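A.B. asks: Input: one structure, supplied below.
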């Protein structure tokens, strides 16, 4: 198996990240979000999102990394410090392309997010996962994430429920779940 590597994303990676993001959503959210959105609008919407996000001020408050295998981009993560968040640092995105899941990409990306959060003095990371996304929920729970509530949201033209999960960056969690 080829070695997995991480590299920081640059503004030039907006289209690449948007493609990975849209591909992941099309696979993962089929049956959870409208097919018309996933089949048509998601590519354009994600391209605009990532172009704006990677060019937005405040790059020092976020880390975007791309996972590569044999020189091919196969996943990415974005973690960002939120102003006055009671939940800690937001792991806003963690996506691995279909066909590359189950080989440690998610764990590698998550570890990078945890390391970045620790380096910025944070004690906790949180994320949101779409209710009904059983595969992601199972993955996060296996890594030691704990449920911490739910919030209504709007995505793809429909109302959804986003489940919040938290992960404490204390000595008890450091290196155990994500490495194992």
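The values are calculated or read from the model by the stated rules, or taken from the named source; none is laboratory data. Since the model is a prediction, treat every value here as computed from it, not as a measurement. Backbone-built Cβ (ideal geometry, glycine too); neighbour counts: all protein chains shown.
A.B. asks: Which one of these is within 26 Å of residue 154 (Cα to Cα), at pLDDT 95 or above and surrounded by 13 or more Cβ atoms within 10 Å (Cβ to Cβ): 9, 77, 67? Before you say what the answer is, go through the steps one by one.
C.D. replies: Details: 9 fails: within 26 Å of residue 154 (Cα to Cα); 67 fails: within 26 Å of residue 154 (Cα to Cα).
Residue meeting the stated conditions: 77.
A.B. asks: Related question: Scan the stretch 67-77 and give yes if some residue there is outside any strand (DSSP E or B) and touching a residue at least 40 places away in the same chain (Cβ under 8 Å), otherwise no. Explain how you work it out, then say what you get.
C.D. replies: At the first step, the residues of the stretch 67-77 found to be outside any strand (DSSP E or B) are 70-71.
Right, trim to touching a residue at least 40 places away in the same chain (Cβ under 8 Å) and you get 70.
Yes.
A.B. asks: Is it the case, given these coordinates, that residue 95 is farther than 30 Å from residue 3 by Cβ and in a strand (DSSP E or B)? So that I can check it myself, show each step before the final result.
C.D. replies: Values: farther than 30 Å from residue 3 by Cβ: no; in a strand (DSSP E or B): yes.
It is false that residue 95 is farther than 30 Å from residue 3 by Cβ and in a strand (DSSP E or B).
A.B. asks: Let me ask another. Are any of the residues in the stretch 114-121 out of contact with any strand residue (DSSP E or B) (no Cβ under 9 Å at 6 or more places or on another chain), surrounded by fewer than 19 Cβ atoms within 10 Å (Cβ to Cβ), free of Cβ contacts under 8 Å to residues at least 24 places away in the same chain and outside any helix (DSSP H, G or I)?
C.D. replies: So far as the stretch 114-121 goes, yes, one or more of its residues are out of contact with any strand residue (DSSP E or B) (no Cβ under 9 Å at 6 or more places or on another chain), surrounded by fewer than 19 Cβ atoms within 10 Å (Cβ to Cβ), free of Cβ contacts under 8 Å to residues at least 24 places away in the same chain and outside any helix (DSSP H, G or I).
A.B. asks: On to the next question. Starting from residues that are touching a helix residue (DSSP H, G or I) at 6+ places or on another chain (Cβ under 6 Å) and not in a strand (DSSP E or B), keep the ones in the stretch 158-180 and report whichever is modelled with the highest pLDDT.
C.D. replies: If we filter the stretch 158-180 for residues that are touching a helix residue (DSSP H, G or I) at 6+ places or on another chain (Cβ under 6 Å), which is where we start, we get 165, 169, 178.
Remaining after also requiring not in a strand (DSSP E or B): 169, 178.
On the way: 169: 96, 178: 43.
Restricting to residues being touching a helix residue (DSSP H, G or I) at 6+ places or on another chain (Cβ under 6 Å) and not in a strand (DSSP E or B), the top hit is 169.
A.B. asks: In the stretch 28-44, which residues are in a helix (DSSP H, G or I), within 20 Å of residue 135 (Cβ to Cβ) and within 19 Å of the chain's Cα centre (by Cα)? Spell out the reasoning first.
C.D. replies: The initial filter retains those residues of the stretch 28-44 that are in a helix (DSSP H, G or I), namely 28, 35-44.
Restricting the remaining residues to those that are within 20 Å of residue 135 (Cβ to Cβ) gives 28, 35, 37-38, 42.
Correct list: 28, 38, 42.
A.B. asks: Restricting attention to the stretch 16-27, does a residue exist that is over 19 Å from residue 121 (Cα atoms), part of a strand (DSSP E or B) and modelled with pLDDT of 95 or more? It would help to see each step written out before you state the result.
C.D. replies: Initially, the stretch 16-27 is screened for residues over 19 Å from residue 121 (Cα atoms), giving 16-27.
Remaining after also requiring part of a strand (DSSP E or B): none.
Checking the stretch 16-27: not a single residue is over 19 Å from residue 121 (Cα atoms), part of a strand (DSSP E or B) and modelled with pLDDT of 95 or more.
A.B. asks: Tell me the residue from 86, 98 that is over 16 Å from the mean Cα position of the chain (by Cα) and over 16 Å from residue 10 (Cβ atoms), please.
C.D. replies: 86
A.B. asks: Among the numbered criteria (1) exposed (fewer than 14 other Cβ atoms within 10 Å of the Cβ); (2) under 12 Å from the mean Cα position of the chain (by Cα), which one does residue 149 miss?
C.D. replies: (2)
A.B. asks: Which of the residues that make up the stretch 126-152 are assigned to a loop (DSSP other than H, G, I, E, B), touching a helix residue (DSSP H, G or I) at 6+ places or on another chain (Cβ under 8 Å) and over 19 Å from residue 115 (Cα atoms)? Even if it seems obvious, please write down each step before you answer.
C.D. replies: Filtering the stretch 126-152 down to residues assigned to a loop (DSSP other than H, G, I, E, B) leaves 131-133, 143-145.
Among the residues that remain, those that are also touching a helix residue (DSSP H, G or I) at 6+ places or on another chain (Cβ under 8 Å) are: 133, 143.
Hit for the stretch 126-152 is 133, nothing else.
A.B. asks: Run down 30, 46 and say which single residue is over 20 Å from residue 110 (Cβ atoms), touching a helix residue (DSSP H, G or I) at 6+ places or on another chain (Cβ under 7 Å) and free of Cβ contacts under 8 Å to residues at least 24 places away in the same chain. Let's see the steps before the verdict.
C.D. replies: Values: 46 fails: free of Cβ contacts under 8 Å to residues at least 24 places away in the same chain.
Being over 20 Å from residue 110 (Cβ atoms), touching a helix residue (DSSP H, G or I) at 6+ places or on another chain (Cβ under 7 Å) and free of Cβ contacts under 8 Å to residues at least 24 places away in the same chain holds for just one of 30, 46, which is 30.
A.B. asks: Could we say that residue 80 is under 24 Å from residue 139 (Cα atoms), touching a residue at least 24 places away in the same chain (Cβ under 8 Å) and not in a loop (DSSP other than H, G, I, E, B) here? Don't jump to the end; show me each part of the working.
C.D. replies: On the way: under 24 Å from residue 139 (Cα atoms): yes; touching a residue at least 24 places away in the same chain (Cβ under 8 Å): no; not in a loop (DSSP other than H, G, I, E, B): yes.
Here the answer is no, as residue 80 does not meet what is asked.
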